[in-house]
Amino acid sequence: MKSKYIIGGIIVVLFLGIGGYSFVNSSVEYASLSKAEESGKKVQVTGTWVKNKGSQYDPKANTFIFHMKDEDGKIARVVLEGAKPNNFDISTSVVAKGKYDNGTFHASEVLTKCPSKYEGKAEEHPEGLDPKSEQAEM
Amino acid sequence: MTGITVKDITQRFNRRTVLKDVNFTAEQGKVFGITGKNGSGKSTLVKIISGIISPTKGSIAFTRNGEDIPSEKRHEHIGLVGPYLTLYEEFSALENLRFFHSIRGLKYDEQQSNELLARLDLPTDRSDPIAAYSSGMMQRMRFAFALLHDPAFLFLDEPTSNLDTDGKNKVHGIVRELSAERCIIIATNDYEDFVLCDDYYSVDGSVPALLEQPAN
Amino acid sequence: MALAVKPASALFQKDVRSELRTRYTLNALLMFVVISISVVLFSVAGETLQPEITIGMLWIVMFFSAMSGMSRTFVAEEEKGTTMTLQLLASPSSIYAGKLLFNLLLIVCLNAVIVVLFLLTMEKFAISQPGLFWLVILLGGFGIASATTIIAAIIAKARTKGTLFPVLSFPILLPLIMAGISATKTAVMGTTWEAAIPDLQLLVSYIVVVITTSFLLFDYVWKD
Amino acid sequence: MIKWWKIVLFVWIGVFSALGIMTPIAGGLSDLAIFAEVGDTRLIPVAMKIADHDLTEQEDGTFLVAGEDKYGDDAMFVLPEKPAGFSEAEGYLLDARYDKENHRVVAAEILGDYPGWSFPYIPGLGERAKIIFFHVPMSWMTVIAFLVSMWFGIKYLRKKNLIDDAKSAYAAGLGLLFCILATVTGSVWAQFNWGTFWNWDPRETSIFVLLLIYGAYFTLRSAIEVDEKRARLSAVYSILAFVTVPFFIFIMPRILPGLHPGSADDVNAGPVVSSGGMDAGMRVILYSMLLGCIVLFGWLMSIQMRVFRITQKQEADDIAAAEAIS
């Protein structure tokens with residue numbers, strides 16, 4: 001009787017582990033650009049704004065266009081239907097929700113993620129905002 | 001030894017104590033009676049012994065030929081007749097018996113099943129669902145359900161309710177016939193059933209002599 | 001685990017035969033499927049839907065049809081009063097196994113009907129990976145059946161059985177539904193089936209975890 | 001008779017809540033520089049210490065002071081007016097921006113005296129960072145309460161003592177309360193930080209599922225009349241929920257990338273989980289609040305258990321009295 005619970009418990013823990021592990025590679029909501037292209041689904045892609053390619057807002061079409069680099073280093077042009085998001089300039093990463101199509105990511109929403117470092121001194125500057133790299137570009 | 005030892009059984013429903021510290025031993029060769037007024041917990045006790053209800057406290061040991069039967073195997077050795085048992089009414093009598101055979105892992109033999117039905121004075125030629133059976137016939141079907149796997153432990157809760165005099169005699173005959181090699185427990189308020197018992201336990205402490213005597 | 005195959009299959013056959021005889025569940029379920037797909041079609045009104053929305057609708061219909069059918073096996077025993085009879089006939093684990101088998105069969109048939117109706121009625125609902133698609137539908141159905149079987153056993157003992165069933169099932173099923181929808185999207189719109197491997201892993205481990213836990217806990221649900 | 005530890009608990013939670021809310025947020029030069037680089041002219045709070053009490057009046061009427069920021073970086077800073085008591089002041093908390101060319105901190109307003117203790121300025125969060133002291137302990141309590149509830153559920157199944165079931169239900173009730181509070185605080189924060197009340201971020205999804213499970217648990221309890229049956233079935237349900245939901249609560253939000261601090265693409269792997277990821281002062285307050293919440297949880301549990309025991313005794317007495325009459 002007791003062995004039933006031990007064996008059952010081991011099976012449950014083992015498969016919880018497998019299930020948890022599969023989440024590592026899962027793309028339930030968030031994906032990379034290449035995965036977005038592969039699946040053709042509407043996904044959320046996390047990446048960073050490629051600062052040296054700039055950003056622009058077109059008031060007539062009400063679109064905000066920028067380039068983003070995903071975690072795999074792939075760069076895509078992002079067209080957001082809407083205005084420039086809050087805190088866009090200082091964000092460490094952005095999340096674009098939308099579909100990838102022919103090199104352009106059509107986003108319905110772009111959320112910005114700001115440094116969530118609760119440490120004392122901002123030792124690392126957010127990417128593209130480091131004064132030294134800024135000077136090098138100039 | 002073949003028998004049952006009931007130890008310190010306590011049952012509570014909604015914090016109300018239905019049974020308190022029940023202790024008794026029933027053995028093969030003797031018919032054991034459980035008595036008590038209506039609503040005193042006879043049926044609850046029978047259900048606990050049968051393993052349908054797990055008690056709040058206490059334990060029950062089943063022994064067959066000196067060997068202990070683990071709780072998950074007890075259903076193979078128990079036959080229960082009770083007014084609360086319902087059979088599959090959308091099936092015919094034989095279909096019910098066939099299902100009982102197969103779920104118990106026994107080989108189904110139509111000849112044998114017909115014999116069992118005939119022994120209980122049930123029709124063997126009907127193939128309509130048992131939903132149409134009278135309450136007396138249904139009670140006989142419950143006996144068919146309980147006796148089919150030839151159990152070593154037979155629990156009869158109000159076995160003669162809904163039965164006519166013929167049926168009662170039949171049941172009493174079966175009890176006498178089987179009691180030699182089996183452990184039989186009868187929960188009853190009926191004096192005629194009670195006289196079969198060699199020993200008894202009264203759930204509410206009432207005296208069996210006060211049981212309803214037959215009218216004549 | 002005293003899992004005996006014979007009692008389980010006997011119970012399974014009994015349920016199938018009983019169902020074929022009375023057709024309580026089958027007829028109601030078929031009508032439910034037809035009605036819910038009609039509602040979807042009315043609301044679409046001839047427009048071509050985005051595949052994401054169609055997939056969402058497909059899973060909604062699958063979930064709610066399961067909700068109207070999966071509880072039947074246990075609720076029927078409870079309503080007929082045959083629960084005690086079953087307790088005297090077989091061990092709890094074989095009862096659970098038999099009921100699970102019946103629900104698996106029921107949901108496979110149900111999902112097949114739903115998907116075929118969807119494919120017939122939804123215009124431009126093209127599937128790029130049919131093999132993966134059917135695998136996901138099968139695994140999703142198994143997952144729904146495995147989780148809802150023990151929940152059905154729980155609600156059979158409660159009042160307000162019908163409304164309670166989806167309330168209890170939905171949170172438990174949510175991980176499965178999310179993985180299932182994601183894998184279905186890959187099957188419909190994706191270019192490779194490998195993208196769905198994590199989701200498939202998740203579906204399989206979900207099913208194993210839920211069935212194992214159900215076997216361990218079923219005694220407590222089953223015995224009064 | 002109020003026991004001493006209850007007073008300690010109130011004082012503890014009160015003091016740390018006040019510390020969490022009142023402690024000013026102040027950045028340093030590097031924080032100012034981030035905004036200056038992108039030409040953002042917003043003002044942020046910084047703490048500047050006066051190096052020597054020498055005040056230079058400039059042509060535009062402002063005053064130039066030599067100083068250093070809270071991290072010890074040297075900079076000149078400009079005050080808009082001559083503050084009273086300048087010669088005694090240690091420094092100031094300023095609302096300021098950075099003048100890159102002249103390497104000067106330009107204050108628009110003096111917010112107060114130099115704070116002896118301050119939280120770091122987090123770009124994009126600002127004052128909103130303080131929600132961590134309330135939101136995070138609440139979310140943790142939600143999960144802890146769930147575990148406690150399941151633990152007593154298992155204990156009931158083993159021992160069949162209805163007191164365990166009552167504990168299980170009360171833990172779940174408190175869990176539901178904390179869950180609602182965590183959801184609301186998180187949602188309000190999301191509105192001000194992400195611009196949307198709800199985004200179906202993995203963390204949001206997971207707390208939503210927990211909310212649903214708590215809801216389902218209580219719906220199930222209300223649908224069963226017999227105490228023993230209710231105890232048994234709700235214990236089974238909470239175990240079942242526990243083995244399926246960890247996919248959501250513990251694994252998914254940590255592994256999936258997301259907007260939430262602590263998700264997979266967060267360099268710090270979460271402000272609480274990783275070591276050194278959070279300012280020591282903030283961490284002390286956060287953990288103190290968590291400790292306070294746990295003790296509060298235990299206390300609320302014990303109150304409810306006392307009520308339970310009293311009602312149970314009352315009922316038993318009633319039953320005994322009724323039996324004595326009949």
Out of C:213, C:85, C:186, a Gaussian network model of chain C with alpha-carbon springs under 10 Å gives the largest mean-square fluctuation to C:85
How do D:197, D:119 rank by accessible surface area computed with a 1.4 Å probe, from largest to smallest? D:197, D:119
As a test question: what accessible area, to the nearest 10 Å², does residue D:5 have when a 1.4 Å probe is rolled over all protein chains in place? 80 Å²
Computed FRET value (nearest 0.05) for residue C:163 with residue D:225, which takes r as the C-beta separation and R₀ as 22 Å: 0.85
Under unit Cβ charges (Lys, Arg +1; Asp, Glu -1), what dipole magnitude, rounded to 20 debye, does chain C have relative to its Cα centre? 620 debye
Residue C:6 - accessible surface, heavy atoms, 1.4 Å probe, Å² rounded to 10: 130 Å²
Tell me, what HN-Hα J-couplings in whole Hz come from the Karplus equation 6.51 cos²θ - 1.76 cosθ + 1.60 at θ = phi - 60° for each residue of region C:174-185, using x for Gly and Pro? 4, x, 5, 5, 5, 5, x, 5, 4, 5, 5, 4
From the phi of every residue in region D:73-79, what ³J(HN,Hα) in whole Hz does the Karplus formula 6.51 cos²θ - 1.76 cosθ + 1.60 yield, where θ is phi - 60° and glycine or proline is x? 7, 7, 6, 7, 9, 10, 9
For chain C, take the longest principal axis of its alpha carbons; what is the angle in degrees between that and the long axis of helix C:130-155, to the nearest 10 within 0 to 90? 30 degrees
Tell me: how much accessible area in total is hidden between B and D, 1.4 Å probe, Å², nearest 100? 900 Å²
Per GNM of chain D with C-alpha springs under 10 angstrom, the most fluctuating residue out of D:207, D:285, D:34 is D:34
Per residue and in Å³, how big is the convex hull formed by the alpha-carbon atoms of chain D? 176 Å³
Could you rank C:75, D:184 by how accessible they are, 1.4 Å probe, largest area first? D:184, C:75
Chains A and D together, accessible area buried on both sides, 1.4 angstrom probe, square angstrom: 3500 Å²
Note: D:233-241 gets an average of partner chain Cβ contacts (10 Å, Cβ to Cβ) equal to 6
If you count, for each residue, the other Cβ atoms within 10 Å and average over each peptide, how do D:70-77, C:193-200 line up from highest to lowest? C:193-200, D:70-77
Sort B:125-133, D:219-227 by the packing proxy (mean of other Cβ within 10 Å over each peptide's residues), most packed first. D:219-227, B:125-133
Working note, chain B: Cα radius of gyration (Å, one decimal) and Dmax (Å, whole number) are 17.2, 50
Quote the total accessible area buried by chains D and C together, excluding ligands, DNA and RNA, probe 1.4 Å, nearest 100 Å². 2400 Å²
Sort region C:1-59 into rounded, prolate or oblate with this rule: let a ≥ b ≥ c be the square roots of the eigenvalues of the Cα gyration tensor; rounded if a/c is under 1.5, and if a/c is not under 1.5, prolate when a/b is larger than b/c, oblate otherwise. oblate
Under 5 Å from the placed amide H of residue A:89, counting only residues 5+ away or on other chains, we find none
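Using a 1.4 angstrom probe, figure out how much accessible area the protein assembly as shown has per residue, in square angstrom, rounded to the nearest whole.
Counting only protein heavy atoms, the per-residue value for the protein assembly as shown is 43 Å².
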Hey, rough spin-label estimate for residue D:218 and residue D:51, points 7 angstrom out along Cα→Cβ, what's it come to in nanometres? 6.0 nm
Give me the distance in nm between label points sitting 7 Å out from Cα along the Cα-to-Cβ direction at residue D:320 and residue A:14, one decimal. 5.3 nm
Rank-order D:18-27, B:104-113, C:133-142 by packing density, defined as the average count of other C-beta atoms within 10 Å over each peptide's residues, highest first. C:133-142, D:18-27, B:104-113
Which positions within region B:39-64 get 40 Å² or more of their accessible surface covered by the other protein chains, compared to the chain by itself, with a 1.4 angstrom probe? B:52, B:54, B:56
Just the accessible area for residue D:103, please: 1.4 Å probe, Å², rounded to the nearest 10? 80 Å²
Residues of type lysines that residue B:168 reaches as a straight line, Cα spacing below 22 Å, ignoring anything fewer than 8 places off in the same chain: B:30, B:37, B:42
For the pair residue D:86/residue C:28, report the inter-label distance in nm, with labels modelled 7 Å from Cα in the Cβ direction. 8.5 nm
Whole-number value, in Å³ per residue, for the convex hull of the alpha carbons of region D:29-113 is 84 Å³
Length-normalised contact order for region D:29-113 - Cα pairs under 8 Å, 6+ apart - percent: 30 percent
Spin-label proximity, residue D:108 to region D:31-75 - amide N less than 14 Å from point 7 Å beyond Cα toward beta carbon: D:36, D:40-46
Whole-number D in µm² s⁻¹ for region A:31-113, Kirkwood Cα-pair radius fed into Stokes-Einstein, 4 °C, 1.567 mPa s: 105 µm²/s
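In deg cm²/dmol, rounded to 500, what helix-only [θ] at 222 nm does the protein assembly as shown give when every DSSP H run of at least 4 residues adds -39500 (n - 2.57) and the total is split over its residues?
Working: 26 runs with 460 residues, N = 904.
Mean residue ellipticity, 222 nm, calculated: -17000 deg cm²/dmol.
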Mean other chain Cβ within 10 Å across D:28-40 is 4
Which percent of the accessible area of the protein assembly as shown is formed by carbon and sulfur heavy atoms (probe 1.4 angstrom)? 58 percent
From highest to lowest solvent-accessible area (probe 1.4 Å; ligands, DNA and RNA excluded), C:72, B:182, C:23 read C:23, C:72, B:182
Once amide H atoms are placed 1.01 Å from N in the peptide plane, what residues at a sequence separation of 5 or more from residue A:109, or on another chain, have their amide H within under 5 Å of its amide H? A:97
Enumerate the helices in chain D for which the Kyte-Doolittle hydropathy averages 1.0 or more and the C-alpha atoms extend at least 27 Å along the helix's axis, using complete DSSP H runs. D:132-159
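What average number of partner chain Cβ atoms lie no more than 10 Å from the Cβ of the residues making up D:108-121?
Numbers: counts 0, 0, 0, 0, 0, 0, 0, 0, 0, 0, 1, 2, 6, 2.
Neighbouring Cβ atoms belonging to other protein chains average 1 per residue here.
The values are calculated or read from the model by the stated rules, or taken from the named source; none is laboratory data. A quick note: this is a predicted structure, and the numbers were derived from the prediction, not measured. All Cβ positions, glycine included, derive from the backbone under ideal geometry; neighbour counts span all protein chains shown. Only protein heavy atoms, including side chains, enter the accessible area calculation; ligands, DNA and RNA are left aside. Shrake-Rupley method; radii C 1.70, N 1.55, O 1.52, S 1.80 Å.
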